[in-house]
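Inspection log for the structure reproduced underneath, given as structure tokens.
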Amino acid sequence: MSLHIAVIGGGAAGFFGAVTAAEKFPHARVTILEKNRTVLNKVRVSGGGRCNVTHACFDNRLLVKHYPRGERWLRPLLNQFDAAATVRWFEGRGVPLKTEADGRMFPTTNTSETIIDCLLRTAHRLNIDIRTSCGVSQLAPEGTGWQLRLSSGETLRADRVLVATGGYPQLTSYHWLPEQSEPLIEPVPSLFTFNVPDSPLLPLAGVSVPDARVQIAGTKQEQRGPLLVTHWGFSGPAVLKLSAWAARELAAVDYRFTLRIHWVPEQNENQVRETLQGFRQQHAKKQVSSQAAFGLPNRLWKALVSLSDITETQRWADLPAKNFNRLVERLTNSTFPVTGKSTFKEEFVTCGGIALGSLNPQTLESRRHKGLFFAGEVLDVDGITGGFNFQNAWTTGYLAGKHIGLVASPVPVDER
């Protein structure tokens, strides 16, 4: 009798695990069970519909630095399937990738449908059965295999199961899974933008700066990078990275905190003061608001000038010291009260999930339950934006798929 492998979740990790299993174990029957009507939904919408497949970071020691959770655990897995392997995998199946200036990698076609078509075509070639609108409401061990109760009431039996459902918003969402050897890590959001409803910069929605430093007041959490002013507050890579690294701290304060922004981080406060003094001498007869310093967008400069209680007609030569000092403060230490968060487009990621210590780190098999494997965002691994979360999906999906059809072997006592 052929081995039946059930993959729960038709996303990136689920497909990659299913395809790898079907290639490694051609005698096996592989079934993908997806609760939604369509598969690969996150792939479809990611990167603005272009699919940020991975990141052009081919030194795994550096690549793992982009994962707020799971860095040490993921490193040896990447040695088996990393970003370079991802590029080779897709290019070997007729999907060349291109690298953009910030390191993100996309299909040269600039559409996520190319990635979806590749995965679907490969799955069909390998005779993988894809069942949609097919959620799993309970998973329980049965003899040497597993019984899956579907949301429709139907039951299936599988010899091996790969869980690749993605992240869940709360602990109760994991109730259908058998208990693991370690407690679940409480899920909280990662990769989100900051809501500042009282921000005086809201009229500047759409204005961006290529480099700013953002910090959570009272903590050591800070990030630097492009920053975008939005009609609800702030977004952009700097904010998204900060939200990821500080995910648990921000959840603990219910997303109410003070955000500090340094608009010209290449200079410290004294250097900014000296630069402005030089600007003041050079443009003594000009209005302060008429020409932006530091290469800042004109609209942002005028807003910061106004927030420093400097009128539109005020000239540099007549600028009082107290207003000059306020402008320095606005440039280097603007503060904004954040009172909530917003999901970043469709690229929401969960911090938390299956505890990594509950898995065999070489195979991703459950330590407690033989024949049960996990991959993707359901694990307590998450990366910042830029293709890193998809790389986690490809890597863990590949590792689980590679081992899921092997004869069960003793699990190491502890390799954490």
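Taken together, the values in this text are just the output of simple stated rules run on the coordinates, not laboratory data. The structure displayed is predicted, hence computed values, not measured ones. Backbone-built Cβ (ideal geometry, glycine too); neighbour counts: all protein chains shown.
Please list, ordered by chain and number, the residues whose modelled amide H lies under 5 Å from the amide H of G353; skip anything fewer than 5 residues away on the same chain.
I185, E186
Need the list of lysines near K24 for cross-linking: C-alpha distance under 17 angstrom, and skip anything on the same chain fewer than eight residues off.
Filter leaves K402.
Between R88 and Q277, what is the label-to-label distance in nm when each label sits 7 Å out along the Cα-to-Cβ direction?
Distance between the two pseudo-spin positions: 5.8 nm.
Of all DSSP beta bridges in the stretch 29-131, what percent run antiparallel (nearest 5)?
Counting DSSP beta bridges with both partners in the stretch 29-131, the antiparallel share is about 60 percent.
Could you work out how far apart the two model spin labels at K65 and N333 are, taking each label as a point 7 Å from the Cα in the direction of the beta carbon, and quote it in nm?
2.9
List residues of the stretch 166-198, by number, whose backbone nitrogen lies under 18 Å from a label position 7 Å along Cα→C-beta of R299.
196-198
May I ask you to compute the full-extension gain from F58 to N110, defined as 0.36 nm times their residue separation minus their alpha-carbon distance, rounded to one decimal in nm?
Contour length minus the Cα-Cα distance gives 16.5 nm.
What angle do you read, to the nearest 10 degrees and between 0 and 90, between the alpha-carbon axis of helix 269-282 and the longest principal axis of the chain?
40
On a straight-distance basis, which aspartates and glutamates could pair with K322 in a cross-link, Cα separation under 15 angstrom, same-chain partners fewer than 8 positions away excluded?
Cross-link targets: D309.
Which of the peptides 293-303, 388-398 is most tightly packed, and how do the rest follow, judged by the mean count of other Cβ atoms within 10 Å per residue?
Details: 293-303: 16.5, 388-398: 27.9.
Peptide ranking by packing, descending: 388-398, 293-303.
Note the angle between two axes, namely the Cα long axis of helix 112-125 and the longest principal axis of the Cα atoms of the chain, as a number of degrees from 0 to 90, rounded to the nearest 10.
10
Explain nothing, just compute: Karplus ³J(HN,Hα) = 6.51 cos²θ - 1.76 cosθ + 1.60, θ = phi - 60°, for every residue of the stretch 5-12 in order, whole Hz, x for Gly and Pro.
Working through the residues one at a time gives 10, 9, 10, 9, x, x, x, 4 Hz.
If amide hydrogens are placed 1.01 Å from N in the peptide plane, which non-local residues have theirs closer than 5 Å to the one on L162?
Placed amide hydrogens put A6, V7, I8, F373 under 5 Å from L162.
Of T343, T144, T132, which is the most mobile in a GNM of the chain whose springs link Cα atoms less than 10 angstrom apart?
With Cα springs under 10 Å in the chain, the top fluctuation among T343, T144, T132 is at T144.
Please list, ordered by chain and number, the residues whose modelled amide H lies under 5 Å from the amide H of L150; skip anything fewer than 5 residues away on the same chain.
Sorted by chain and number, the residues that satisfy this are S137, T155, L156.
Among K42/K341; K35/K65; K42/K241; K65/K241, which pairs are too far apart, with a Cα-Cα distance over 23 Å?
K35/K65
If one takes the longest principal axis of the Cα atoms in the chain, at what angle in degrees, from 0 to 90 and to the nearest 10, does the Cα axis of helix 388-403 lie?
Around 10 degrees separate the two axes.
What's the local net charge at T86, with K and R +1, D and E -1, over the other residues with C-beta under 14 Å away?
Net of charged neighbours comes to +2.
Compute the semi-axes of the equivalent ellipsoid of the stretch 206-343, taking the square root of 5 times each eigenvalue of the Cα gyration tensor, and list them largest first in whole Å.
Ellipsoid half-lengths, sorted descending, are 30, 14, 13 Å.
If you build a Gaussian network model of the chain, linking Cα atoms that sit under 10 Å apart, which residue out of E113, E23, E274 swings the most?
E274
If I stretch the segment between D198 and T172 completely, what's the gain in nm (0.36 nm per residue apart, minus their alpha carbon distance), one decimal?
So the extension gain works out to 5.9 nm.
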